[in-house]
Amino acid sequence: EAGVVQSPRYKIIEKKQPVAFWCNPISGHNTLYWYRQNLGQGPELLIRYENEEAVDDSQLPKDRFSAERLKGVDSTLKIQPAELGDSAVYLCASSLVVWGSGGDEQFFGPGTRLTVL
Amino acid sequence: RKEVEQDPGPFNVPEGATVAFNCTYSNSASQSFFWYRQDCRKEPKLLMSVYSSGNEDGRFTAQLNRASQYISLLIRDSKLSDSATYLCVVKSFVGSNTGKLIFGQGTTLQVKP
């Protein structure tokens, strides 16, 4: 079974440039997450989708970050314009949430390593 | 104060050693707990869930103390392949963090031959 797919794996851009990341979750998973992981830190949630609805975007810097999950399948995360502090690994994860079950393992993609110069 | 706190280490241990990692969390409403493993430059992967009664999976034992808001992971008979970063993860089902995973910064383990 294919896991979570992300592209690109690496991206180097100059500050003030736009950048976009793409994620295809595991087939059948209804919930998709975007995380940012800085060096030496754990992942921090940016946005969570249940199907096509963003249900938690409280940590997404909305002045420069945007995300979409059209048709409730794959998703894109965009930064415009990028800043030096945006250098990090951007991880996408997906899970199958069955309400009332209490458990929903999140499966992570390999991430996109962004370097802003 | 961070919601989930771990000693970042690194923990350097010889093969065969027993090593324990600790983690504390601040949100008393947290209801699910996990340990994830992350290899260098790889994505996190679920190692094991943590149950109130404690649970064991081979050489790995996880324990939860709700009163002290404390989680632990014990690794017995360490192998070279155990070298990784171990992330303590807490999930809440109430309030603003409903259904959200909160990761600790991770504890790095290096097992030496």
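Before moving on, here are some points about what is shown:
- C-alpha center-to-center spacing [the range A:1-52, the range B:26-50] in angstrom: 18
- Segment B:E56-B:K2, length gained on full extension (0.36 nm per residue, minus Cα span): 16.7 nm
- When the Gaussian network model of chain B links Cα atoms closer than 10 Å, the mean-square fluctuations of B:E56, B:E15, B:E43 top out at B:E43.
- Here the range A:30-117 is treated with +1 on each Lys and Arg Cβ and -1 on each Asp and Glu Cβ, and its dipole about the Cα centre works out to around 260 debye.
- Where chymotrypsin sites (Phe, Trp or Tyr not before Pro) fall in DSSP loop in the range B:61-95, at most 14 other Cβ within 10 Å: B:F93
- Rolling a 1.4 Å probe over the protein heavy atoms gives the protein assembly as shown an accessible area of 50 Å² per residue.
- 20 Å Cα-Cα threshold exceeded, pairs from A:K11/A:K78; A:K11/A:K71; A:K62/B:K91; A:K15/A:K62; A:K15/A:K78: A:K11/A:K71; A:K62/B:K91
- The range B:13-113, dipole about Cα centre (Lys/Arg Cβ +1, Asp/Glu Cβ -1), debye to the nearest 20: 200
- Between B:K112 and A:Q17, the modelled label-to-label distance comes to 4.2 nm, taking each label 7 Å out from Cα in the direction of the beta carbon.
- Of the residues B:F60, B:F21, B:F33, the one that moves most in a GNM of chain B with alpha-carbon contacts below 10 Å is B:F60.
- Each label point was placed 7 Å from the Cα along the Cα-to-Cβ direction; for A:S27 and A:Q80 their separation is 3.3 nm.
- Legend: residues A:D86, A:D74, sorted from most to least accessible area (1.4 Å probe; ligands, DNA and RNA excluded), read A:D74, A:D86.
- Estimated from the Cβ-Cβ distance and a Förster radius of 45 angstrom, the FRET efficiency linking B:N65 and A:N38 is about 0.95.
The values are calculated or read from the model by the stated rules, or taken from the named source; none is laboratory data. Quick caveat: nothing in here was measured; it's all calculated off a predicted structure. Neighbour counts are summed over all protein chains in view; Cβ atoms, including those assigned to glycine, are modelled from backbone coordinates with ideal geometry. Calculation scope for accessible area: heavy atoms of the full protein, side chains included, ligands and nucleic acids excluded. Shrake-Rupley method; radii C 1.70, N 1.55, O 1.52, S 1.80 Å.
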